[in-house]
Amino acid sequence: MPKVSRIPLAPLKKEELEERFWQALAGLCTARDLKMLLMRLCTRTEITMFIKRLEAAKMLLHGDSYKKIRKELTVTDAPLMRLNNLLHENKSFRDTILRLSEK
């Protein structure tokens with residue numbers, strides 16, 4: 001499992017670096033560019049986790065059951081419950097997943 005350094009960033013530095021990260025991702029024009037970046041920054045396991053979570057969120061939006069999602073994506077109930085809560089409580093997250101589902 002990925003590990004984060006035990007030495008935390010100062011809050012303002014963390015905020016600055018996070019903003020740069022999101023801007024860098026937003027600036028990538030193609031799926032190929034994004035793939036190349038993430039394949040170098042993330043482990044294969046981290047990418048698989050992202051892939052499963054995104055697909056699970058899409059499936060939840062389309063009304064698929066936990067049982068079907070667990071079987072197809074080999075995930076547990078815990079991330080499904082978190083995603084389901086996010087979809088119901090966070091309109092921005094829900095809208096983003098809806099836009100991604102259309103592609």
Is there a pair in 14/91; 13/58; 52/91; 68/91 whose C-alpha atoms are over 28 Å apart, and which pairs would that be? 13/58
Tell me, in nm to one decimal, what length is gained between residue 94 and residue 37 on full extension, where the rule is 0.36 nm per residue of separation less the Cα-Cα distance? 18.0 nm
Residues of segment 35-53 with amide N under 19 Å of the 7 Å Cα→Cβ point at residue 87: 49-53
Calculated FRET efficiency, residue 54 and residue 13, Cβ-Cβ r, R0 30 Å, to nearest 0.05? 0.55
Mind putting a number on the dipole of segment 43-103 about its Cα centre? Charges go on the C-beta only, +1 for Lys and Arg and -1 for Asp and Glu, and I need it in Debye to the nearest 20. 100
Within segment 1-64, which trypsin sites (Lys or Arg not before Pro) sit in a loop by DSSP and count at most 12 neighbouring Cβ atoms inside 10 Å? 3, 6
From the square roots a ≥ b ≥ c of the eigenvalues of the alpha-carbon gyration tensor of the chain, which class results: rounded (a/c under 1.5), prolate (a/b over b/c), or oblate? prolate
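No lab work stands behind these numbers, since they all come straight from the coordinates. This structure is a prediction, so every number in the text was calculated from the model and none was measured. As a convention, Cβ positions derive from the backbone with ideal geometry for all residues, glycine included, and neighbour counts pool all protein chains shown.
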